[in-house]
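These notes are about the structure you will find just below.
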Amino acid sequence: MKAAEGQRVGVRNLDAAYARRAALATDVLFQGKWKIQILCAMRSGPIRLGQLARIIPVASKKMLTQNLRRLEADGIVVRKDLTDLVLHIEYDLVDSAREAVCDLLDHMVRWSDLYLESIAIEEE
């Protein structure tokens with residue numbers, strides 16, 4: 001009987017640890033209004049702040065910069081200063097995170113499609 005109880009406690013601990021890791025990932029990647037749009041814009045490669053501002057015109061450059069700095073501090077984005085004569089700074093996904101972040105974004109889009117499909121079926 002004790003073994004079974006011990007296994008249940010272990011499962012609860014495993015679920016709690018899983019939930020903590022999921023919450024951490026959510027905080028790092030999704031906390032902030034513009035992070036998803038920024039990450040989506042970086043899927044195809046490095047991007048400059050001005051380009052981001054044109055892609056996401058409703059976000060101020062200040063807010064984009066704050067989100068970029070936070071993503072940089074979290075180790076998701078790298079800031080590359082390519083200044084020679086003209087100020088040229090690019091932001092890009094860290095190589096070690098690129099595949100995982102892109103896979104996560106792809107998965108979220110697939111889930112969203114399924115979810116929207118299920119809502120449309122329910123409304124009929």
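Given the criteria of a type outside the set (Lys, Arg), in contact with an Asp or Glu (Cβ under 8 Å, 6 or more places away or on another chain), surrounded by 10 or more Cβ atoms within 10 Å (Cβ to Cβ) and within 20 Å of LEU24 (Cβ to Cβ), does VAL77 qualify? Criteria met by VAL77. Could you tell me whether LEU39 is in a helix (DSSP H, G or I), under 18 Å from CYS102 (Cα atoms), modelled with pLDDT of 80 or more and not assigned by TED's automatic domain parsing to the domain that holds SER96? No; evaluated as a whole, the condition is false for this residue. Check whether at least one residue in the stretch 95-118 is among the charged types (D, E, K, R), in a loop (DSSP other than H, G, I, E, B) and either modelled with pLDDT of 95 or more or exposed (fewer than 10 other Cβ atoms within 10 Å of the Cβ) (or both), and report yes or no. No: the stretch 95-118 contains no residue that is among the charged types (D, E, K, R), in a loop (DSSP other than H, G, I, E, B) and either modelled with pLDDT of 95 or more or exposed (fewer than 10 other Cβ atoms within 10 Å of the Cβ) (or both).
The residue pairs whose first member lies in the stretch 35-51 and is within 14 Å of MET63 (Cα to Cα), whose second member is of a type in the set (S, T, N, Q), and whose beta carbons are closer than 6 Å, counting only pairs six or more residues apart or on different chains, are LYS35/ASN67; ILE38/ASN67.
Inspect all residues belonging to the stretch 52-65 and state whether any of them is basic (Lys, Arg) and within 18 Å of the chain's Cα centre (by Cα). No, the stretch 52-65 contains no residue that is basic (Lys, Arg) and within 18 Å of the chain's Cα centre (by Cα). Note on the stretch 59-94: residues that are part of a loop (DSSP other than H, G, I, E, B) and without any contact (Cβ under 8 Å) to a residue 24 or more places away in the chain total 9.
The values are calculated or read from the model by the stated rules, or taken from the named source; none is laboratory data. Bear in mind that the values here come from a model prediction, so they are computed numbers and not experimental data. FYI the Cβ positions are ideal-geometry reconstructions off the backbone, even for glycines, and counts take in every protein chain you see.
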